[in-house]
Structure formats: C-alpha cells, structure tokens
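Asker: Okay, handing you the structure first.
The values are calculated or read from the model by the stated rules, or taken from the named source; none is laboratory data. Small disclaimer: the values here were computed from a predicted structure and weren't measured. When we count neighbours, we look across all protein chains shown, and the Cβ atoms used for this are built from the backbone with ideal geometry, even at glycine. The accessibility values were calculated without ligands, DNA or RNA, using every heavy atom of the protein model including side chains. Shrake-Rupley method; radii C 1.70, N 1.55, O 1.52, S 1.80 Å.
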Amino acid sequence: NKWLPALAKGKAIGCFGLTEADFGSNPGGMRTTARLDGNEYVLHGSKMWITNGVQSNVAIVWAKLDGEVNGFIVERERKGFDAKPVKYKLSMRASDTAELVIDEVRIPKANRLPKADSLKAALMCLTQARYGIAWGVLGAAMACLHEALEYSKDRVMFDKPIAGYQLTQKKLADMATELTLAQLLCLQLGRLKDEGKLKFPHVSMANRNNVRKALEMARTARSILGANGISGEYQSM
C-alpha cells in the first residue's frame, strides 16, 4: 500500500538487491543474512551490480533467514544502509549501478515479504527481468548495426566508401541476419508469454543467445569503425 503505488507512478524508485560480488549466477550461495531480534529483523551483508541502487528510495534485499532466502523491504534512510556507485564502467555508463552495503540494518517485522520465503520467489522475479534483457540487448545490437552501416557509407578508403567492399558488406549482412533471428526468438517468447506458456528455460535460452549475439555484433561494429571503434564519441565501444 505504501510503496507499490509510488513506484508505479514514478514518484519513488526501487532496486532489487539479489546479486552479490561472489554470487551472480548462483544467488542461492549468498552470504547476506537476516536474524530476528525482538520485533525487528537485523540484516547484514552486501550486494553488487545493483541497478538504480544509488538513486533508489527503497530496496528489496534478499537475505538468508535460518538458512532460507527471504525478501525484505529496506528503506534508503535506514541506519547502516548505504549505496556506493560502481565507477569506471566502460559499458552501460548511463545506468546507475551500485554496491549496497547492509551493515546490521534494523527493519520492523512487517518489512519481511511474507510469501517470499524461498529462492524460488527471487528467481520468479528474475525470469521476468531476464525476459526484458533478451529484448534490451537487441536494442544495443540495433544501435551498433545502424552506427556501423552509416559510418561505412561515409568512410572513404581507396577512393570509395568502405561499404562498397565485400569484406565490409559480409560483416553487415551477418549482423543483420543474426539480429533478425534474435528478434524472431524474442517474438516467439512474447507469444508464449501471452499464452501463459513461458517457462524459465525459454528465457534462459533467449537470454544466452541474444546477449552473446549482441556482444559479437558490437565487436564487429567496432572493427568496421576502425580506430574510431574505441572512441567514446561512438556507442559501439
């Protein structure tokens, strides 16, 4: 009643504190803990690579309570809670990425999510997030293809644009083909989701494929851009 309306309206920003520095693909190995002390829970640990961590008003922090992963609402102003920006990123620089420091943070018992009492609850949320990532990386791939195509039309080498050479044309054709295949995979995901048939293995396959293909396309775009491929003025880097 307090947070969801504000989050939905954009009046508050939240973050999802699951990943830890040593536990990304294996969130069940997390070291962040929670213990009950009277009418309060005491949380201790840290989270890493948390999107919106610095600017968030509230965090959903996942911690082990009696050995089981539980979800907790942690407001930004709680004593012992801090968010530190991850600096010197070469990619995704527009994203607010943070480390969450949770040092003996006390929250009321009401801040425990009553039905989020296993790792399954966190992974259900993660499946939906990764569905979005499977689409999102295609936006990056499309940007790289567009940038490489436009650059190759303008960059003149030996009296003609490099887009006129078959070596460059093959790179662009391969990029366009892989992008289209990845888009079709996401389209099928969306159809399954609409039908209520989407399962986490489907999302994992799409996520794995599309992230890998987007990385390959970014590298190919950098090769077409030549020395400019490492310049901050271009987005492929």
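Asker: I need two numbers for region 68-130: Rg to one decimal and Dmax as a whole number, Cα atoms only, in Å.
Answerer: Cα only, region 68-130: 14.5, 40 Å (Rg, Dmax).
Asker: Still on this structure, I have one more. What FRET efficiency do you get for D159 and S223 if R0 is 25 Å and r is their Cβ-Cβ distance, rounded to the nearest 0.05?
Answerer: That pair, D159 with S223, gives E of 0.70.
Asker: Convex hull over the Cα atoms of the chain, averaged projected area in nm²? If you can, show how the numbers build up before the last one.
Answerer: Values: hull surface 60.6 nm².
Dividing the Cα hull surface by four gives the mean projection, 15.2 nm².
Asker: Could I ask something else about it? With contacts defined as alpha carbon pairs under 8 Å and 6 or more residues apart, what's the relative contact order of the chain in percent?
Answerer: After rounding, I find 16 percent.
Asker: A further question on this structure: To the nearest Å, what is the center-to-center distance of region 142-169 and region 36-111, using C-alpha atoms only?
Answerer: Measuring centre to centre over Cα atoms gives 46 Å.
Asker: Can you give the calculated 222 nm mean residue ellipticity of the chain, where each DSSP H run of n ≥ 4 adds -39,500 (n - 2.57) and the sum is split over every residue, rounded to the nearest 500 deg cm²/dmol?
Answerer: Estimated from H runs of four or more residues: -14500 deg cm²/dmol.
Asker: Turning to a different aspect of this structure: In this model, which of K79/K199; K84/K199; K153/K213 are farther than 29 Å apart at the alpha-carbon?
Answerer: On the way: K79/K199 39 Å; K84/K199 35 Å; K153/K213 23 Å.
Over 29 Å apart, Cα to Cα: K79/K199; K84/K199.
Asker: While we're on this one: Give me the angle, in degrees from 0 to 90, between the Cα long axis of helix 166-194 and the longest principal axis of the Cα atoms of the chain, rounded to the nearest 10.
Answerer: 40 degrees
Asker: Is region 1-87 rounded, prolate or oblate when judged by the Cα gyration tensor, a ≥ b ≥ c being the square roots of its eigenvalues, rounded requiring a/c under 1.5 and prolate requiring a/b larger than b/c?
Answerer: oblate
Asker: Let me ask something else about it. Assuming 0.36 nm per residue, please report the length gained on full extension of the stretch Q55 to K109 beyond their Cα-Cα distance.
Answerer: 16.9 nm
Asker: So how exposed is F23, as accessible area in Å² (1.4 Å probe, rounded to 10)?
Answerer: Result for F23: roughly 30 Å² accessible.
Asker: Counting only C-alpha contacts under 8 Å and six or more residues apart, can you give the relative contact order of region 147-237 as a whole percent?
Answerer: Details: 62 pairs, mean separation 27.5, N = 91.
Here the relative contact order equals 30 percent.
Asker: Label Q188 and E75 with points 7 Å out from Cα along Cα→Cβ: what is the distance between them in nm?
Answerer: Inter-label distance under the simple model: 4.8 nm.
Asker: Taking the Cα atoms only, what angle lies between the long axis of helix 119-154 and the longest principal axis of the chain, rounded to 10 degrees?
Answerer: 20 degrees
Asker: Give me the lysines in straight-line cross-link reach of K115: C-alpha distance below 18 Å, same-chain residues under 8 apart excluded.
Answerer: Correct list for K115: K2, K64.
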